[in-house]
Amino acid sequence: MSASGDDICTTGGVSFWYNQIGRPRASDILEGPAEADVVIVGAGYTGLWLAYYLSAARPDMSIRILEQRFAGYGASGRNGGWLTNTITGGQDGYAREYGREATRAFQLALNDSVDEVIRVADAEGIDAEIHKGGSLLVARNLAQLRRVDEHARHAAEWPEEGYRRLTAAEAAERVRVDGTLGGLWQPHCARIHPAKLAVGLARVVRARGVRIHEGTRVDRIEPHAAVTARGTVRAGHVIRATEGFTSGLAGEKRTWAPLNSSMIITEPLPPEAWKEIGWSHFDTVEDLAHVYSYAQRTPDGRIALGGRGNPYRFGSRTDNNGDIAAATVASLAAILRSWFPSAKDVPIAHGWSGVLGVPRNWRATVGYEPDTGIGWAGGYVGTGVTATNLAGRTLAELITGANTALTQLPWVNRRTRRWEPEPLRWLGIHGIYRAYGWADRREQRGGQQTSVVARVANAVSGR
Ligand SMILES: Cc1cc2nc3c(=O)[nH]c(=O)nc-3n(C[C@H](O)[C@H](O)[C@H](O)COP(=O)(O)OP(=O)(O)OC[C@H]3O[C@@H](n4cnc5c(N)ncnc54)[C@H](O)[C@@H]3O)c2cc1C
């Protein structure tokens, strides 16, 4: 499928990242009923990190991963490549429920996880093109600038997260985003090549004897069993690592809503444009719009920018190939060119999308039930690249019965309420995004305060 107008580009094909390195073919398809000590459903980062740490801690355990397409097919092979320290849903909710110290420990564990991913990639020879240059948030109108100030006050309460306030000039020294009035920056973030990390992890765990049965879709998870059309895999522990696709499993329709995120990537920019833009530290960049956009600079001189296309499909349906509409390519290209006018003539090379798992309260969880042997991790919304590593390490400890600092973190064994049935779910999610879009347009026209509409939408969504 192609976009129209000036931005005719390839879309879908899972992601640009796979176009670049070649899409894997499904291998080791499950041939019939089987047994294992541990079966993991889903070979994204969550499933792969779990397999990585568990195979190291318990090399005697047999581990099988069941994957509907190929390892890294989901969000893990499609994302914006921000390896960052964000607590999904923010610190405050956790602090209210579990206290400051527990939340602080969670933040520090996520900071460490950024470095842990870098360490493992290095140790295992995974060239995921990692550059740790921190993360820049920019305000491009007065209402966004007020939110920078709010954010800076919040950052003073949570110094562990690492954000500091930047003037417009300081922000521009890092990356010249047109119209920047001020910003924030924190050091615990790296840009990565998402698919290279997924493919590299799959290689490493296979070499340790973990079987990844690709092309093998699970229909249902039961105590000690994962049921597929090719046969049931029985195991002591069955872990659900299906994130945005979770609604496709029997009984999980309303667990996490699959929200779409869409991305575009440019052809390489000419050296004159890079001279204009700067961006020499490879910081990740995001604006403070309610429907925000996020970007990274690639080592080969492209800009990848993500944002919202169609936020949600009725009935929690998920896409297959990552195709996006021409209108989505056009709107993301317009944002990219408004941020970077010197990229105005650079063609858009590719557009794609993927699904995120969004819990009703916007907070990720890791859990395990010893009685049924069923565990899970996910609901990371748009911030799972780092959290999946922490989740994988934590699940490995929960499965082996270890009681450690990680298993005490406040996201462990939490229950969240389910989403409303349709059509309320569709109406609610689309209504919230319409409200955010309206608030952004009003702020762009000169509104100096965060719109009440956006604040109400935040309260309703639980964001
Ligand atoms: C466009 C986009 C941009 C993003 N940008 C960022 C970012 O920059 N930084 C960040 O931190 N996060 C980002 N995210 C989110 C991040 O990518 C995810 O949180 C993370 O990759 C989740 O990993 P996962 O393994 O839990 O899920 P996934 O990677 O989605 O893996 C789930 C796997 O399970 C398989 N599966 C699902 N159902 C079944 C079934 N029934 N049977 C068998 N297999 C099944 C899928 O095929 C898939 O391979 C982004 C996401 C998207 C879509």
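A few remarks follow.
- Per DSSP, loop GluC sites (Glu not before Pro) in segment 1-85 with at most 13 further Cβ within 10 Å: Glu31
- In order along segment 235-248, phi translates into HN-Hα couplings of 7, x, 10, 10, 10, 8, 10, 9, 6, x, 9, 4, 4, x Hz, rounded to whole numbers, per the Karplus curve 6.51 cos²θ - 1.76 cosθ + 1.60 with θ = phi - 60° and x for Gly and Pro.
- Those lysines that a straight Cα-Cα span of less than 23 Å connects to Lys344, excepting residues fewer than 8 apart in one chain: Lys275
- Note on Lys196: lysines with a C-alpha under 27 Å away, same-chain residues under 8 apart excluded, are Lys132.
- Global form of segment 12-110, assessed from the alpha-carbon gyration tensor, a/c cut-off 1.5: oblate
- Charged side chains reduced to their Cβ positions (Lys and Arg at +1, Asp and Glu at -1) give segment 344-463 a dipole of some 500 debye around its Cα centre.
- In summary, the helical segments of the chain meeting the span-like criteria, namely a full DSSP H run, a Cα extent along the axis of 15 angstrom or more and a mean Kyte-Doolittle hydropathy of at least -1.0, are 45-57, 100-123, 142-157, 194-207, 326-339, 384-399, 424-444.
- Cα shape, the chain, gyration tensor, a/c 1.5 rule: prolate
- Farthest positive-ward along the chain dipole, Cα basis, beta-carbon charges - from Gly200, Tyr45, Ser247: Ser247
- Each label was represented as a point 7 Å from its Cα along the Cα-to-Cβ direction; for Glu173 and Ala402 these points are 4.2 nm apart.
- Net charge dipole size for the chain [Lys, Arg +1 and Asp, Glu -1 on Cβ; Debye, nearest 20]: 960
- Amide H to amide H, with H built 1.01 Å from N, Gly309 comes under 5 Å of Ser262, counting only residues 5 or more places away or on other chains.
- Signed unit charges on C-beta, dipole axis of segment 101-256, positive-most listed residue Gly215, Ala121, Ala109: Gly215
- Given +1 at the Cβ of Lys and Arg, -1 at the Cβ of Asp and Glu and no other charges, the dipole of segment 263-399 around its Cα centre is 280 debye to the nearest 20.
- Cross-link partners of Lys253 among aspartates and glutamates, defined as those whose alpha carbon lies under 16 angstrom from its own and excluding same-chain residues fewer than eight positions apart: Asp219, Glu222, Glu243, Asp319, Glu420, Glu422.
- With the highest mean first, a sort of the peptides 42-48, 384-390, 262-268 on other beta-carbon atoms found within 10 angstrom per residue produces 42-48, 384-390, 262-268.
Bear in mind that the values in this text are calculations on the coordinates, not laboratory data. If you're wondering where the values come from, they're calculated on a predicted model, not measured in any experiment. All Cβ positions, even for glycine, are placed from backbone atoms using ideal geometry, and neighbour counts span all protein chains on display.
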